[in-house]
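What follows is a single structure, and I will ask about it in a moment.
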Amino acid sequence: MATLTYTRIEDIPKIHATAREAFASGRTKSIAFRKAQIAQVGYLLKDNEQRIKDALKSDLGRPYLETELLDFAAVYGEVRMVYDKIDQWVKPQRIDFHFNWFPMGPKLVAEPKGVILNIAPFNVPVFLLLSPLVSAIAAGNGAVLKPSEQTPAFSQLIAELLPKYLDPELYAVINGGVAETTKMLELPWDHILYTGNGRIGRIIAAAAAKHLTPTTLELGGQNPVVVDPKMDVHLTAKRLLWGRFSNAGQICLAPEYVLVPAHFQDTLIEEMKKVYKTFYPDGPENSDSFSRIVTTAHTQRIKKRLDETKGKVVLGGATDVEKRYIAPTVVRDVPVDDSLLTEEIFGPVLPIVPVKDVDEAISIIRSKDYPLAVYVFSNDPKFEEKVFSNTKSGAAVTNETVITAGVPGLPVGGIGPSGYGYYTGKHCFEQFTHWRVSLKNPGWVDKVAFGFRYPPYKPDYQKYVKGITSSLPPRPGTQSGTAKRWAFWLLFALVGAGSVVLTRSRGQLKA
Amino acid sequence: MSEQYTPLDDIPRVLASARTAFLSDRAKPVAFRKQQIAQVGYLLKDNEERFKEALKLDLGRHAVETELFDFGPTYKDVRVAYDNVDKWTKVQPVDFNLNYIAMRPTIKAEPKGVILIVSAFNVPLFLTLGPLVSAIASGCAAVIKPSEAVPHVNLLLAELIPKYLDPELYHVIQGGVAETSKILELRWDHSEFSRGERVGRIIAQAAAKHLTPITLELGGCKNPVVVDPKVDIEMTARRLLWGRFSNAGQVCTCPEYVLVPRTFQSTLLSALKDAYGKFYPEGPENSDSFSRIVTREHAARLQGLLKRTNGEIVCGGDVNVEKKYVAPTIVNNVTAEDALMGEEMFGPVLLIVPVEDVDEAIAFIRARETPLAVYVFSQDKKFQEKVFSSTRSGAALANETVLSPAVPGFPVGGVGASGYGYYAGKQAFEQFTHYRVSLDNPSWVDTLVFGFRFPPYRDTYKRYVKMMHAPLPPRPTKGAKTTGPGVAWTWWISFVVSRLVSASSLMLVRSSDALRRLKP
């Protein structure tokens, strides 16, 4: 196992202060600077692909391909999109034309929040660490990254590489465990993004509350799959097993349990057996295409839950805690109150829950916390729609699993107990941005419209107030008084013409 | 009026009723939302006189101020949400991307659930009904807890909201500390809170237990004004005093202190005195154009602060705690350490802080917590720009104060110590919305590109992975390596090839769709 050098506790406030000072220096204001840094995040990866793949091989026993697919592809996609879009995103936004306000030139300006803290987990360590970094850079923030201590080789490597590629004062890595994280949480950050579980999520949110720091929490949950028996069963089995067994099931978006009509269970399982054979022709233990569990403790935890299940193991089931190995496993006839369904498994175990019909499937999903994703396998748009519109989740995906996080332009985020706020794209950029409103009010506006506001208030104020007040939409259940509206528009046009004349004459006077 | 408070036992029932109504999905149709949004407008419109009367009783407020600060911005929120909700709720496609186009990825706005709105006393209608409109627009249910400091307004809200709106989706809870504590024990899907940093922290901690996202509108810090000597001085004085003395200074976005160059200080002061004389020709105590402080405690707090100042009171200064009256007051020569420069005053007291020049003014602002607004009075664009770009704040206004929450399309929100999240407009709608992503992946995609992902992994995967990987932007030039033209050419060739592939894949989509249609 690689050794990870922890950041010294007394250095943590210094790193925070350095990032704040660098942010206050204003050098992130330049969009060219931001773009260069964003590109550098890409090259940090590109130049060191092999070292990172090896680090994750050592940390997670992970095949190279999974690192390419889950980590590299998603970060490159993000780098490219943000790099191409940032000029558009940072443009000041004009509001819709509005008569009373346009002389003031109202606009919204995207300003950075300050210094962002990103606490990332072990499971998709590159993407979850660097994609929020790209968003933070794009919005003009400083950022401090805390990679997981459970991926020592990778965390050590990223601490070495980041200062080589990026501005070392604005962007920093802190490595450590509970003590270091606790120290970090004592400091005032301008936004905290945390990915992990609900228990720690509450601690993070409570620590942030003391400093009135806004947070983003990405917490996971149990993602259900609803299978329509009329669906291509081979495709279903293949994509389900892929989603569940990639990275040994340690993905927040992985399908966690499959709701299948009881009469269709045998068919689905038969097909899964075939797919399983093609995935692991020499058995999964010998396959170089299957990852390991991150720690022996987690392996033990998953094993315990497998031991306690009332369902029947039909594929896999073997475990070797010392080697952090849990075989890719499918369990059938799992009841809703089973040990495998109490909380997120976060391992390569797929429980199959037989149900009567789609209504029972929906009611099971509704009885549980909102998940990060609901998956449906069906070619029937009505079936999909029924499941999606009766459930809530971060993502609603048909005939596919997991990959939404890699699609450029789709935000990644939960709802309710699966968290709040977003990763990636414009949504993450906006989350690290404050929309600062701005207007400049010329003196003459008081003469035309806004003069009535000054004391002493006069009884004729009403007629001016009407001039600047928005009209209401028609009263529900009635026909709107068209005549009245005409009069209103006429008045509107008159006032408009008057103020244009005034603006012009004012401009001429100046000239 | 504590007998009007909601019984503690009823509070969980109120939430349960709102949640059941939300889960019934009747707030889903946009037509329903628009109808309810319009009803919020008519709730006010039909009862304008009664609300003005209630605010006269609660805050001694003149009708002009109620129109300007409460009615106007609320009608604006109603109109903006009504006109835009169709657009806001439209399913959004993502930008074209070769690898994913076949999956038709989309983003759909879905409501978060039941929103809790805890509002402040100072602008009680806008801060209550504005967020309510945003909650309705996003399809959420809402429970409102208005401030107990304005009992007459609350009575009206509690009477009218169930009359005008769906009484199961939208509720009012009345009460004080005990009721609020009970409310905070419950799990809400989003909580929104205005005013008071201390209570803000309590709300945030309570929300953390339930993993509830929150919006905090805190004020909390003092909003600075920077005055350039090259400015229309009469306008500056008039707009400053108006911003400070409206609603007796109880507005979160009020200008609190004025940073003015020493050389210009006496000019500004005499202009302020002139404006003061015009505002209150018979003295402010007799003026019907000046509000009162919300409670005696707050009046006494302001009196205490005024007693402790080392500045020089040049206008006003008298306080009558019994009558909740604090005169509109101008204090000159206030220093950074003065008692009045501590927390936000939230009363009609304007501080003049002399500085050497604009740089000292900027340093003064930067040394303090981030305010809700920074105001600049100057005709010089460079001067304005210098102050705005060197400071941070919720809003940046030139030659105006307070007015920004009334602008249609403007979000209202702080940054740093002044809070986070937004009131009003699209931003508030988005805050109560979860953007649920969606895609549907046809099976042939695996045949064409995505098949390489399935175990057993083969060495040929690299080819496919490269197709998936977006090309990086050019390497920043500082480093040793640069992308040579050769590399760029290969990139372009692969680009053209991938275009061809995409065209054929699109054709495949179409033909498979066509086939699907042909099948009965």
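The values are calculated or read from the model by the stated rules, or taken from the named source; none is laboratory data. The structure displayed is predicted, hence computed values, not measured ones. Positions of Cβ are backbone-derived with ideal geometry, glycine not excepted, and every protein chain shown enters the neighbour counts. Protein only, heavy atoms only, side chains kept; ligands, DNA and RNA dropped before computing areas. Shrake-Rupley method; radii C 1.70, N 1.55, O 1.52, S 1.80 Å.
I'm trying to understand the selection: among the residues of segment B:248-273, which are part of a helix (DSSP H, G or I) and either open to solvent by less than 10 Å² (accessible area, probe 1.4 Å) or in contact with a His (Cβ under 6 Å, 6 or more places away or on another chain) (or both)?
B:A248, B:G249, B:L268, B:L272
What number of residues within segment B:72-109 satisfy the criterion of being within 24 Å of the chain's Cα centre (by Cα) and facing chain A (nearest Cβ under 7 Å)?
7
Evaluate the following for A:D307: is it more than 14 Å from chain B (Cβ to nearest Cβ), acidic (D, E) and in contact with a Ser or Thr (Cβ under 6 Å, 6 or more places away or on another chain)?
no
Could you run through segment B:405-443 and say how many residues are open to solvent by 10 Å² or more (accessible area, probe 1.4 Å), of a type in the set (S, T, N, Q) and at the interface with chain A (Cβ under 7 Å from one of its Cβ atoms)?
Of the residues in segment B:405-443, 3 are open to solvent by 10 Å² or more (accessible area, probe 1.4 Å), of a type in the set (S, T, N, Q) and at the interface with chain A (Cβ under 7 Å from one of its Cβ atoms).
OK, next. Considering each residue of segment B:141-170, count those that are under 24 Å from B:G60 (Cβ atoms), assigned to a helix (DSSP H, G or I) and touching a residue at least 24 places away in the same chain (Cβ under 8 Å), and give that number.
Matching residues across segment B:141-170 total 9.
Take segment A:427-449 and flag every residue that is buried (at least 22 other Cβ atoms within 10 Å of the Cβ) and in a helix (DSSP H, G or I).
Scanning segment A:427-449 gives A:C428, A:F429, A:Q431.
Now, a different point. List, please: which pairs have Cβ atoms under 6 Å, are six or more places apart or on different chains, and start with a residue in segment B:385-402 that is more than 7 Å from chain A (Cβ to nearest Cβ) and end with one that is among the hydrophobic types (A, V, I, L, M, F, W, C) and assigned to a helix (DSSP H, G or I)?
Once the first residue is more than 7 Å from chain A (Cβ to nearest Cβ) and sits in segment B:385-402, its partners that are among the hydrophobic types (A, V, I, L, M, F, W, C) and assigned to a helix (DSSP H, G or I) give B:S390/B:I362; B:T391/B:I365.
Which of the residues that make up segment A:61-107 are open to solvent by 20 Å² or more (accessible area, probe 1.4 Å), in a helix (DSSP H, G or I) and among the β-branched types (V, I, T)?
none
Please list, ordered by first then second residue, the pairs with beta carbon atoms under 9 Å, 6 or more apart or interchain, first in segment B:15-26 and over 18 Å from B:I161 (Cβ atoms), second in a helix (DSSP H, G or I) and open to solvent by 20 Å² or more (accessible area, probe 1.4 Å).
B:L23/A:R366; B:D25/A:S389
Another one. Mind listing whichever residues of segment A:364-390 are under 27 Å from B:L211 (Cα atoms), touching a strand residue (DSSP E or B) at 6+ places or on another chain (Cβ under 9 Å) and either more than 10 Å from chain B (Cβ to nearest Cβ) or of a type in the set (K, R) (or both)?
Hits for segment A:364-390 are A:I364, A:I365, A:K368, A:P371, A:L372, A:Y375, A:V387.
A further question follows. Regarding segment B:216-234, can at least one residue be identified that is in contact (Cβ under 8 Å) with a residue 24 or more places away in the chain, away from chain A (no Cβ under 13 Å), open to solvent by 10 Å² or more (accessible area, probe 1.4 Å) and within 22 Å of B:G316 (Cβ to Cβ)?
Within segment B:216-234, one or more residues are in contact (Cβ under 8 Å) with a residue 24 or more places away in the chain, away from chain A (no Cβ under 13 Å), open to solvent by 10 Å² or more (accessible area, probe 1.4 Å) and within 22 Å of B:G316 (Cβ to Cβ).
Residues are listed down the side, and each one gets a yes or a no for (1) within 13 Å of chain B (Cβ to nearest Cβ); (2) assigned to a helix (DSSP H, G or I); (3) touching a helix residue (DSSP H, G or I) at 6+ places or on another chain (Cβ under 8 Å); (4) of a type in the set (A, V, I, L, M):
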{"site": "A:A179", "(1), (2), (3), (4)": "no, yes, yes, yes"}
{"site": "A:I200", "(1), (2), (3), (4)": "yes, yes, no, yes"}
{"site": "A:A207", "(1), (2), (3), (4)": "yes, yes, yes, yes"}
{"site": "A:L212", "(1), (2), (3), (4)": "yes, no, yes, yes"}
{"site": "A:T216", "(1), (2), (3), (4)": "yes, no, yes, no"}
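Given the criterion open to solvent by 10 Å² or more (accessible area, probe 1.4 Å), facing another protein chain (nearest Cβ under 7 Å), farther than 30 Å from B:F290 by Cβ and not hydrophobic (A, V, I, L, M, F, W, C), identify the matching residue among A:Y461, A:Y420.
A:Y420
Do we have B:G316 as touching a residue at least 24 places away in the same chain (Cβ under 8 Å) and at positive phi here? Full working, then the answer.
Details: touching a residue at least 24 places away in the same chain (Cβ under 8 Å): yes; at positive phi: yes.
Taking the combined requirement at face value, the residue satisfies it.
I need the full set of residues from segment B:199-215 which are open to solvent by 20 Å² or more (accessible area, probe 1.4 Å) and facing another protein chain (nearest Cβ under 7 Å), in order please.
Correct list: B:R201, B:Q205, B:K209.
Which of the following residues is in contact with a Gly (Cβ under 9 Å, 6 or more places away or on another chain), touching a residue at least 24 places away in the same chain (Cβ under 8 Å), open to solvent by 40 Å² or more (accessible area, probe 1.4 Å) and assigned by TED's automatic domain parsing to the domain that holds B:A237: B:R308, B:R292?
Testing whether each residue is in contact with a Gly (Cβ under 9 Å, 6 or more places away or on another chain), touching a residue at least 24 places away in the same chain (Cβ under 8 Å), open to solvent by 40 Å² or more (accessible area, probe 1.4 Å) and assigned by TED's automatic domain parsing to the domain that holds B:A237 leaves just B:R292.
I would also like to ask the following. Select from segment A:261-295 the residues that are free of Cβ contacts under 8 Å to residues at least 24 places away in the same chain and assigned to a helix (DSSP H, G or I) and write down the one among them that is nearest to the other protein chains (Cβ to nearest Cβ).
Per the criteria, the residue is A:T278.
Going residue by residue through segment B:178-198, is there one that turns out to be in a helix (DSSP H, G or I) and within 11 Å of another protein chain (Cβ to nearest Cβ)?
yes
So which of A:K183, A:K238 is open to solvent by 10 Å² or more (accessible area, probe 1.4 Å), within 12 Å of chain B (Cβ to nearest Cβ) and assigned to a helix (DSSP H, G or I)?
A:K238
For segment A:124-131, indicate whether the set of residues that are over 24 Å from A:L219 (Cα atoms), outside any loop (DSSP other than H, G, I, E, B), among the polar types (S, T, N, Q) and modelled with pLDDT of 95 or more is non-empty.
Taking segment A:124-131 first, the residues over 24 Å from A:L219 (Cα atoms) are none.
Checked against the condition, which is being over 24 Å from A:L219 (Cα atoms), outside any loop (DSSP other than H, G, I, E, B), among the polar types (S, T, N, Q) and modelled with pLDDT of 95 or more, segment A:124-131 yields no hits at all.
So which residues in segment A:352-364 are buried (at least 23 other Cβ atoms within 10 Å of the Cβ) and in a strand (DSSP E or B)?
A:I352, A:V353 - these are the residues of segment A:352-364 that are buried (at least 23 other Cβ atoms within 10 Å of the Cβ) and in a strand (DSSP E or B).
Taking the condition within 27 Å of B:V64 (Cα to Cα) and either at pLDDT below 95 or outside any helix (DSSP H, G or I) (or both), does B:P229 pass?
Working: within 27 Å of B:V64 (Cα to Cα): no; either at pLDDT below 95 or outside any helix (DSSP H, G or I) (or both): yes.
No, not satisfied.
What residue, among those in segment A:1-25 that are of a type in the set (K, R) and assigned to a helix (DSSP H, G or I), is least open to solvent (accessible area, probe 1.4 Å)?
Checking each candidate, the answer is A:R20.
Right, next: Do we find a residue being within 14 Å of chain A (Cβ to nearest Cβ) and open to solvent by less than 10 Å² (accessible area, probe 1.4 Å) anywhere in segment B:325-332?
Checked segment B:325-332: at least one residue is within 14 Å of chain A (Cβ to nearest Cβ) and open to solvent by less than 10 Å² (accessible area, probe 1.4 Å).
From A:A110, A:A143, A:A172, which residue is closer than 19 Å to A:T7 by Cα and open to solvent by 10 Å² or more (accessible area, probe 1.4 Å)?
Exactly one residue qualifies, and that residue is A:A172.
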